[in-house]
Amino acid sequence: MDLTLVGERIRRERERAGLNQRDLAARAQLSQSTLTRIENGARANVTLAELDHLAVALDIPVRLLTSGDPVRQRVQIAARTNDVVEAEREAALRRTLDVLELDARLDKLGSRAAQHRKSAEWLSLPGEHLPREQQARELAHQVRAVLQLGCAPIADVDELIEQLTGVDTAVLDLPKTADGFTVTDPARKTTLIAVRACDVPERQRFSFAHELGHLLWNDGAKVHELGDGRTAGEKRCDTFARHLLAPEGGVKAWLSAECSSVDSQVSERTAALLARHFRVSFPVILIQLESMQLITADQKKELWGPTGVQLAQKYGWGPAYEQEQESAQAVRAPRRILERAVEAYRQNLIGVRALAMLEGRKPEEAEVKLREAGVIPNPPSAKRANLSRLVARGLARDE
């Protein structure tokens, strides 16, 4: 092993974790002077036990310290973020990459069910010469048409994405400044769309729809380098999400059924019920109504302001909204990857920490849940035990 590179990786992971040398040394049961020498590449050797203690303290796989992160080096990223500071950006990206790294590791273990992207023969991207609003509307109409959704509300946007494209989706514990990521590993042709666990379910749905726009336009990091603000591509994906979730035909049909005239004055109650029908935020439905010239800019400004919680309490779906908030705050691993990981755990090929990371649980909690479901690791065979000892001796020789 190149101990200089190992030291640099330890320092980088320590800084990402927000730890100083004294904190990490204490967690890893090392002296601070020892850790300093390791990070500076001044040690003649670093034992596997020391690396294991450091990896556990940093809550990362040992291989990230010994071999680096090849997935991180090759992925393509598009992100829906606010003004993100570097540390929060790295934390959000790390949580997303952890999932892709585990998926790649499961490939090497021979685990079944690799991702299979679905053909997009139906897709005809609107011309770039068209106005952004028209591009977004036409693409949203194509998605609804191929899935035979008509103008109805979409129940689960994440399931829609998986059904339409075959890519994995997840809800992860991301910083508040990061709403979502679309991360593609070109070497494995694998894509993960991850959004933030939060207490605003409409925002979560909108983030999923927004990231689907990135995926279909295949703009990726070309459109949005992290932290660059609201680019034209980002705004186009916002507009696509609005038309996908609250289509103009559906808005008109609902208003016609609920109001004596579509052209009648839209009240706060009407707009709130309309937003609730399509499961979008109040601001999104106001923007859509203005875009359709059903309200003026002044009317939108006058109506703007109340939160989803306030409207839910005011107009009769408060308890239901609280349940939706609770559900939206739960971490949800990609179903396909979690299935692979559970099978690998059953075969004693990965530890419980990897599953706990996916499920957003503590390792001991994950182990209890698995045991209750009858998922218990198989005893290691003599062949595997001997192989483990050989690998350990090989690593020791490399040091």
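The values are calculated or read from the model by the stated rules, or taken from the named source; none is laboratory data. It should be emphasised that the depicted structure is a prediction, and the values quoted were computed from it without experimental measurement. Each accessible area value is taken on the protein alone, full model and side chains, heavy atoms only, with ligands, DNA and RNA left out. Shrake-Rupley method; radii C 1.70, N 1.55, O 1.52, S 1.80 Å.
What to note about this one:
- Rounded to the nearest whole Hz, the Karplus-based 3J(HN,Hα) values (6.51 cos²θ - 1.76 cosθ + 1.60, θ = phi - 60°) of the range 131-145 follow the sequence x, 4, 4, 5, 4, 5, 5, 5, 5, 4, 5, 4, 4, 5, 5, with x at glycine and proline.
- Accessible surface ranking that places the most exposed of T307, T36, T190 first, with a 1.4 angstrom probe: T307, T36, T190
- Across the accessible surface of the range 279-330, with the other protein chains kept in place and a 1.4 Å probe, carbon and sulfur atoms take up 48 percent.
- The stretch between L123 and E159 holds 11.1 nm of extra length on full extension. This uses 0.36 nm per residue minus the Cα-Cα distance.
- Cα gyration tensor category, rounded, prolate or oblate, for the range 119-165 with a/c compared to 1.5: prolate
- Extended-chain gain in nm, criterion 0.36 nm per residue less alpha-carbon gap, E372 and N45: 113.4 nm
- Accessible surface calculations at 1.4 Å, restricted to protein heavy atoms, place the range 96-222 at 43 Å² per residue.
- Full-extension gain in nm, N218 to R230, via 0.36 nm per residue minus C-alpha separation: 2.6 nm
- Order of exposure, largest accessible area first, which applies to K235, K300 with probe 1.4 Å: K235, K300
- Rolling a 1.4 Å probe across the protein heavy atoms gives the range 255-345 an accessible surface of 52 Å² per residue.
- Listed residues R112, R95 arranged by accessible area, highest first, probe 1.4 Å: R112, R95
- Per-residue SASA entry for H53, accessible area with 1.4 Å probe, Å² rounded to 10: 70 Å²
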